[in-house]
Amino acid sequence: MIVSTLAHLAVLATDAAPALAQQEPPEIINTTGIVDFIATKVTPILLAILGVIFISRAGKGEMSKVLTSSAIAIVGLAFIVGAGALFFLGEGLVNLIFGTN
């Protein structure tokens, strides 16, 4: 029984070897499409949610919380814009600093 099981496993291993050797290369992830989706679909929804929260707090008279939250949101947006600028200008800055082409 053990011998027949081992023989069966050996046949399965030899049948699977060509299939494993002929694997297709992995597909490339479309990062541009992902960034475009986030920029056009997700960001406006998140900003709308923030707007609704700020308006509801302002309606309750919690102006201090509204101003604090607004300032935090503006700083967060500034960081996102800065990261986007570095994404596009990063190679130029590295070449400028290190003098490489």
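The values are calculated or read from the model by the stated rules, or taken from the named source; none is laboratory data. Since this is a predicted model, take the numbers as computed values, not measurements. Cβ: placed from backbone, ideal geometry, glycine included. Neighbour counts: every protein chain shown.
In region 10-24 there is no residue matching the filter, namely being at pLDDT 75 or above and either surrounded by 11 or more Cβ atoms within 10 Å (Cβ to Cβ) or not in a helix (DSSP H, G or I) (or both). Within region 89-98, identify whether any single residue is assigned to a helix (DSSP H, G or I), at pLDDT 80 or above, β-branched (Val, Ile, Thr) and loosely packed, with under 10 Cβ neighbours inside 10 Å, and answer yes or no. Yes, region 89-98 has at least one match. Of the residues that sit in region 61-88 and are surrounded by 10 or more Cβ atoms within 10 Å (Cβ to Cβ) and of a type outside the set (A, V, I, L, M, F, W, C), which one is farthest from LEU46 (Cα to Cα)? So, considering only residues that are surrounded by 10 or more Cβ atoms within 10 Å (Cβ to Cβ) and of a type outside the set (A, V, I, L, M, F, W, C), the one farthest from LEU46 (Cα to Cα) is GLU62.
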